[in-house]
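Worksheet: the structure to be examined is printed underneath.
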Amino acid sequence: MTIRPEHRKTFPTARIAETLLMFMRLRGGANAAMNSTFVYGPLADFYELSEEIRTLSTNDYYMGESRPGLAWESEVKGAVKEMKKDGYLVSAVRSGKSVWRLTPSGVERADFWLKRMTDKTTALRTLKVHAELAWLETDQPQKLELS
């Protein structure tokens, strides 16, 4: 399905799978498994999506025919499909509820991302930089010219 031009930057589509992996690893308990019904809200909170964006319909988000539903949930399900294809996640129905669980490969990948993000943040914070690296508008009131 093609996303309407005005919504191409509505969701962080390139990062949903990575974030979901880490979320499931951190908050999915010992089995890194979650009731899929309760995943959408916390992920939307993480990305600070407005209520309007959370409730955007698939018909308003995609061009052409689409299944009825919410665009945010559709994007998360697309990430889940990608994760299944990559061997990081399996899904099953337990007691009538859809459950997503990380595979051992998914746990390994999530651990990699969790360590990398922490290490990257720490490394970026500890870099030695010039005192004038951060541009403060009050330092130089003239306009910046774009080149």
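The values are calculated or read from the model by the stated rules, or taken from the named source; none is laboratory data. Everything quoted here is computed from the prediction, not taken from an experiment. Note that we place each Cβ from the backbone using ideal geometry, even for glycine, and neighbour counts take in every protein chain shown. Surface areas here come from the heavy atoms of the whole protein model, side chains and all, with no ligands, DNA or RNA. Shrake-Rupley method; radii C 1.70, N 1.55, O 1.52, S 1.80 Å.
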Query raised in the report: Here are some conditions: (1) of a type outside the set (A, V, I, L, M, F, W, C); (2) open to solvent by less than 30 Å² (accessible area, probe 1.4 Å); (3) closer than 17 Å to Leu114 by Cβ. Ser36 meets all but one. Which one does it not meet?
Result: (3)
Query raised in the report: Scanning the range 40-97 for residues that are in contact (Cβ under 8 Å) with a residue 12 or more places away in the chain and of a type in the set (Lys, Arg), which turns out surrounded by the most Cβ atoms within 10 Å (Cβ to Cβ)?
Result: Arg54
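Okay, residues lined up against (1) under 18 Å from the mean Cα position of the chain (by Cα); (2) in a helix (DSSP H, G or I); (3) of a type in the set (D, E, K, R):
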site	(1), (2), (3)
Val76	yes, yes, no
Lys81	yes, yes, yes
Lys84	yes, yes, yes
Ala92	no, no, no
Ser98	no, no, no
Arg101	yes, no, yes
Val107	yes, yes, no
Ala110	yes, yes, no
Leu114	yes, yes, no
Query raised in the report: How many residues, within the range 108-147, are open to solvent by 100 Å² or more (accessible area, probe 1.4 Å) and at pLDDT below 65?
Result: 9
Report summary line: Screening Glu75, Glu82 for residues that are out of contact with any Lys or Arg (no Cβ under 9 Å at 6 or more places or on another chain) and more than 19 Å from Val107 (Cβ to Cβ) leaves only Glu75
